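Chemist: Following this message is one structure expressed as structure tokens.
The values are calculated or read from the model by the stated rules, or taken from the named source; none is laboratory data. Predicted model only: the values in this text are computed from it and were never measured. FYI the Cβ positions are ideal-geometry reconstructions off the backbone, even for glycines, and counts take in every protein chain you see. The area values use the complete protein model at the heavy-atom level, side chains included, leaving out ligands, DNA and RNA. Shrake-Rupley method; radii C 1.70, N 1.55, O 1.52, S 1.80 Å.
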Amino acid sequence: MAVTFLAGTPGFVKAQAMGEGFEPDSNALQDVQVRAQRPNDLQQRRFSNASKTVVGREEIQKYGDTSLEDVLRRQPGVTVPSGGGNPRLRGMAEGYTQILIDGQPAGRGFTIDSIQPEQVERLEIIRVPTAETGGQAVAGSVNIITREGQARGRKDLSLGLSLGERDLQGFRLGLTQQGAWLGDESMISATVFGRTQESRSEQSLQFVATEDPSAPSGQSSQTRSEQERLGLSLRGQASWNLQNQSSVSVRPMVFAVKGDTQSLRQIEAWRGSDPFSFASPYLQDDATQRFHYAVGRVLLLHKWNIDSQWRLETGLTGSAFEFKRDEESLVQTVTQTPSARQTNANTEERGLLLSSKLKRAFNEDEQTFGFELEQTVRTEEDSRRVDDVLYQAGLGNELDTDQTRWAVYGQWDFNPSPQWALLTGLRHESIQTSLQTLPSLPRQNHESELTSPSLSLVHRPAKDPSLLYRLSLSHAYKRARARDLSSLPSLSSSFNPNDANTPDAADSVGNPDLRPEQSWGLDLSLEKSPVANSLLSAGIFWKQIKDVQRRQTQLETVSWSSVPRWVNRPRNLGEADLIGLELEARAPARLWAQWLGLGQAEQAKPKAGSSGGAASGLEFRASLSHYWSQLESLDGPNNRLPGQPAWELKLGFDARPAKSKLRYGASLGYTKAARYQAEPQAWVEADDDLTLEAYGLYSFDRNQRLRFTVQDLARWSSESTSLRVFDQGNRIEAARQPGRLRASLRYELGF
């Protein structure tokens, strides 16, 4: 008998080697052949004791995406903002999802586009926090696993062009060398890219008076901008085996972007009465913005196989982040007087993370004990000049942050039988934050400590090995941003400090008493794999969040003004409940035909030694996520969590014609937005979102491929509306940005 061992969890190796439900004959002597083989995405998901989705190298390459944002946008339960940004899991807002790089926190300065798709081996979307991945994951974690130098001596070259509706929008050149100058286990990857992007948007502000709603007043504006970006992404790895059953590896990463933006905003004069001074004092704003963004990271990792059971991993990660923006503009006021403005903003962050994991693997089980110590220093400053005169918009324009975090944890991956598995852990984490605003003022110190248990139970029935049940209980938290803890205000530029302001132009200040959010979660799901490369999944989850953080505007008596002022500050608003339903299906077309009553499906089984990889044919996939939430401190209606959609539907297909060099497919996503209550008298609503994209891949041979991708085929516009209710009337602000068609062509060569 030939037995194939696949890299993965101990339970996975056992199930694949013996076959689910297989009972060996102890009297039979059999030959065993062992060969290494990587499990496919569905296998890694099915045999992981933690609830997660795996997006492998093939899926990442499929559409020829130029960013990980586009890859994640197609995944079930993942929301990526239409304007770009880090992914959000389970419909929750930014800050609830933890981003990891090779299992370690990415840091606050990191954005998902800092790593290029060609530098990523796989993505793990982990829905439930574990002791090892960290407790700062209320919605879950996205773990970016970078590529290693496995194909020794291989080079991969890719050249891509991006096309707009009328002209060339950008280029992309990438080169990856595996097993290069520093040894067989080394790898270096470099990507150079440039992009030109034009955008148009329309904004409108309307005031509807209570006394005379038939005669609204307001103004509108149009903005045209053109941005040019030039970027460089580098990632490398070098590993050396030592004599004492240990190895050392170095993994550097650098991402840098430099850009210029030209924008012109034209504002119409205010129409009608203006009781709250909502009208803009400008008629035109012609601005030039120059910026650069850079993030660097280097990991020094030591692995030591102490004996057959124990392994020690120790890592030291240094990181640096810098963002600088300079803007010059010439504005024309309503009095026809031109005014020159200059804004400078600079943010720098330096961090050092020491982590150590002691792992013990015995039988089918694994125990992990870990320690983390992180020190981060961050400086934020900005200044503004009007006609060469320094304009001080408050005292909170400079902020120095010194933060120390340490954590200890233990985790047990217990697999007593092929039918049962248990993953349990406990993590304790402490964060000390020290803030400095003005040199003449004392530092503000804050400390929080939290303990997070986690438990996941997995059951695979012996009578039906294709079934899988999961039950998870977890605790997670979301810490406050350093700026949200600062007690110094940033004053509104629309009103003098000793004049009364309006809720629309409130001062901004932090809250030194702000507490971190804490969440308890319960997940229950069922998964079934009727045939190879198929999945049916249904899950429901519930989360209760304590001390929900929300910025609110209230009228306060303040120390920086002789009159009461409207102040916007973060506050803890009590508890919120979140319930979600997640459905997913992916299977060959013949199986979909059986489900729909259109035919019979063949009970295909993978061949011996097969990894279950993609075969020829037609495959369909579909997912539906529905979310309900309620914030108890708001009476409603629409007292949902901020930015949470009502539901998301994603459909797609992939075609691999037999004996053909062509592959093609398409993906459609629809997000039903929901109105949410930002404050007792304020609401925010985004328009529904529709995305439609298609790809084609032609393989000349094993080493040459040509990809063509078309995105935003539906050209769906992006719209948002906010409403604030006053006694005298309603203020309505709307923004609209039309969709644009994008296409890209990429040639890939391996040699």
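Chemist: Filter region 401-443 down to the residues that are under 30 Å from Arg470 (Cα atoms), out of contact with any helix residue (DSSP H, G or I) (no Cβ under 7 Å at 6 or more places or on another chain) and open to solvent by 40 Å² or more (accessible area, probe 1.4 Å) and list them by number.
Modeler: Val408, Trp412, Phe414, Pro416, Gln419, Trp420, Leu422, Thr424, Leu426, His428
Chemist: How many residues does region 325-342 contain that are closer than 22 Å to Ser221 by Cα and either open to solvent by less than 40 Å² (accessible area, probe 1.4 Å) or basic (Lys, Arg) (or both)?
Modeler: Counting residues in region 325-342 that are closer than 22 Å to Ser221 by Cα and either open to solvent by less than 40 Å² (accessible area, probe 1.4 Å) or basic (Lys, Arg) (or both) gives 5.
Chemist: Select, from Leu159, Leu100, the only residue that is open to solvent by 20 Å² or more (accessible area, probe 1.4 Å), at pLDDT 90 or above, part of a strand (DSSP E or B) and aliphatic (A, V, I, L, M).
Modeler: One residue alone meets the criteria, Leu159.
Yes/no per residue for (1) touching a Leu at 6+ places or on another chain (Cβ under 8 Å); (2) modelled with pLDDT under 95; (3) open to solvent by 60 Å² or more (accessible area, probe 1.4 Å):
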{"site": "Leu555", "(1), (2), (3)": "no, yes, yes"}
{"site": "Ser559", "(1), (2), (3)": "no, yes, yes"}
{"site": "Pro570", "(1), (2), (3)": "yes, yes, no"}
{"site": "Glu582", "(1), (2), (3)": "yes, no, no"}
{"site": "Pro588", "(1), (2), (3)": "yes, yes, no"}
{"site": "Leu618", "(1), (2), (3)": "no, yes, yes"}
{"site": "Ser625", "(1), (2), (3)": "yes, no, no"}
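Chemist: Does region 261-280 hold any residues that are closer than 21 Å to Gln222 by Cβ and either open to solvent by less than 70 Å² (accessible area, probe 1.4 Å) or small (Gly, Ala, Ser) (or both), and which are they?
Modeler: Matches in region 261-280: Thr261, Ser263, Leu264, Ile267, Ala269, Trp270, Gly272, Asp274, Phe278, Ala279, Ser280.
Chemist: Of all residues in region 197-214 being modelled with pLDDT under 90 and not polar (S, T, N, Q), which is most open to solvent (accessible area, probe 1.4 Å)?
Modeler: Glu211
Chemist: Hey, among the residues in region 444-462 that are free of Cβ contacts under 8 Å to residues at least 24 places away in the same chain and not polar (S, T, N, Q), which one's least open to solvent (accessible area, probe 1.4 Å)?
Modeler: Glu449
Chemist: Just to verify a result, which residue in region 425-449, among those that are farther than 20 Å from Glu517 by Cα and of a type in the set (Gly, Ala, Ser), is farthest from the chain's Cα centre (by Cα)?
Modeler: Looking at the filtered set, the residue picked out is Ser440.
Chemist: Give the residue, chosen from Arg736, Arg731, that is part of a strand (DSSP E or B), buried (at least 17 other Cβ atoms within 10 Å of the Cβ), basic (Lys, Arg) and touching a residue at least 40 places away in the same chain (Cβ under 8 Å).
Modeler: It is Arg731.
Chemist: For region 346-375, give me the residue count where each residue is farther than 26 Å from Leu435 by Cβ, touching a residue at least 40 places away in the same chain (Cβ under 8 Å) and either assigned to a strand (DSSP E or B) or of a type outside the set (S, T, N, Q) (or both).
Modeler: Counting residues in region 346-375 that are farther than 26 Å from Leu435 by Cβ, touching a residue at least 40 places away in the same chain (Cβ under 8 Å) and either assigned to a strand (DSSP E or B) or of a type outside the set (S, T, N, Q) (or both) gives 14.
Chemist: Output the number of residues of region 293-316 satisfying the condition of being more than 22 Å from Glu380 (Cβ to Cβ), β-branched (Val, Ile, Thr) and assigned to a strand (DSSP E or B). Before the answer, list the steps.
Modeler: Quick first cut of region 293-316, residues more than 22 Å from Glu380 (Cβ to Cβ) only: 298-316.
Retained after the next criterion (residues that are β-branched (Val, Ile, Thr)): 298, 306, 314.
Next, from what is left, pick out any that are assigned to a strand (DSSP E or B): 298, 314.
Count: 2.
Chemist: Here's a follow-up. Determine if region 138-150 includes at least one residue that is closer than 30 Å to Ser629 by Cα, surrounded by fewer than 21 Cβ atoms within 10 Å (Cβ to Cβ) and touching a helix residue (DSSP H, G or I) at 6+ places or on another chain (Cβ under 9 Å).
Modeler: Within region 138-150, not a single residue is closer than 30 Å to Ser629 by Cα, surrounded by fewer than 21 Cβ atoms within 10 Å (Cβ to Cβ) and touching a helix residue (DSSP H, G or I) at 6+ places or on another chain (Cβ under 9 Å).
Chemist: Looking only at region 691-717, count every residue that is open to solvent by 40 Å² or more (accessible area, probe 1.4 Å) and in a strand (DSSP E or B) and tell me the total.
Modeler: Residues that pass the stated criteria total 8.
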